[in-house]
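What follows is one structure encoded as structure tokens, with my remarks underneath.
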Amino acid sequence: MTLLPCYTLTYMSSIFSKIINGEIESHKIDETNDFFAFLDINPIARGHTLVIPKKEIDVFFDLDNSLLSEILPFAKAISKAIEKSVECNRIGMMVAGLEVPHAHIHLVPITSTSDLTFANARPMDQDTLAEIASKIRANL
Ligand code: 5GP
């Protein structure tokens, strides 16, 4: 009998790694060597986008300093494109990570602080997500 090292038995890639690898479909906005951005499947508002490092790390503030310093400029370009694509006052930002253990920033179009809550999250149909994603990509 061949014994496998225990990391082989226990390691499962996150749902977001599967999205990056194309194993799970997503409405991609943009990507670089280190980062990936795609629409949240249960958006708090139209244009709600998740920005993630490709490196699978659970806790956002466990990212090394170089990834931390580069993720915001990447998110900035995405947020400018979202602002041009949907009605909002500005783009709010949240980091939670209680559902998916793969560090991510939520970029959420808002008009007031009370908009920035997961209580407003609702599933959105694929056609609407596709239409919003294509608008945001065109505004990048
Ligand atoms: P958090 O971990 O910060 O609580 O939030 C995780 C977010 O990922 C949620 O807003 C949820 O809707 C989103 N999410 C979970 N699974 C998927 C998925 O398979 N595809 C997409 N596009 N978003 C997902």
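The values are calculated or read from the model by the stated rules, or taken from the named source; none is laboratory data. In this text the structure is predicted, and so the values were computed from the model without any measurement. Ideal geometry is used to build each Cβ from the backbone, glycine not excepted, and the neighbour counts take in all protein chains shown. The protein model used for the area step is the full one, side chains on, heavy atoms only, and it has no ligands, DNA or RNA in it. Shrake-Rupley method; radii C 1.70, N 1.55, O 1.52, S 1.80 Å.
Would you please classify the overall shape of the chain from the alpha carbon gyration tensor, given that a ≥ b ≥ c denote the square roots of the eigenvalues, rounded means a/c under 1.5, and beyond that prolate means a/b larger than b/c while oblate covers the rest? Verdict is prolate for the chain.
What does the accessible area per residue of the chain come to in Å², with a 1.4 Å probe and no ligands, DNA or RNA counted?
Values: 8410 Å² over 140 residues.
Value returned for the chain: 60 Å² of accessible area per residue.
Local charge for Ile44 was computed over the other residues whose Cβ lies under 15 Å away, with Lys and Arg +1 and Asp and Glu -1, and equals -1. The GluC sites (Glu not before Pro) of region 73-140 meeting both criteria, a DSSP state outside H, G, I, E and B (loop) and at most 15 other C-beta atoms within 10 angstrom of the site's C-beta, are Glu87, Glu99. As I understand it, the value is the acute angle between the Cα axis of helix 65-85 and the longest principal axis of the Cα atoms of the chain; what does it come to in degrees, rounded to 10? Tilt relative to the chain: about 40 degrees. Computed over the chain, the per-residue total of -39500 (n - 2.57) for DSSP H runs of n ≥ 4 gives a 222 nm mean residue ellipticity of -10000 deg cm²/dmol, rounded to 500. Among the listed pairs Lys76/Lys135; Lys54/Lys135; Lys18/Lys76; Lys28/Lys76; Lys54/Lys76, those with a Cα-Cα distance over 19 Å are Lys54/Lys135; Lys18/Lys76.
Between the Cα long axis of helix 126-138 and the first principal axis of the chain there is an angle of about 80°, rounded to the nearest 10. Taking Cβ atoms as reference points and 13 Å as the exclusive limit, the residues near Ile105 contribute a net charge of -1, counting Lys and Arg as +1 and Asp and Glu as -1. Under 17 Å of direct C-alpha separation, and excluding same-chain neighbours fewer than eight residues apart, Lys55 reaches these aspartates and glutamates: Glu23, Asp30, Glu31, Asp34, Asp64, Glu70. For Ala96, neighbours were defined as the other residues whose beta-carbon sits under 14 Å from its Cβ, and their charges (Lys and Arg +1, Asp and Glu -1) total -3.
Need the C-alpha centroid separation for region 31-47 versus region 53-83, integer Å. Their Cα centres are 11 Å away from one another.
Based on Cα contacts under 8 Å between residues 6+ apart, region 15-138 shows a relative contact order of 32 percent.
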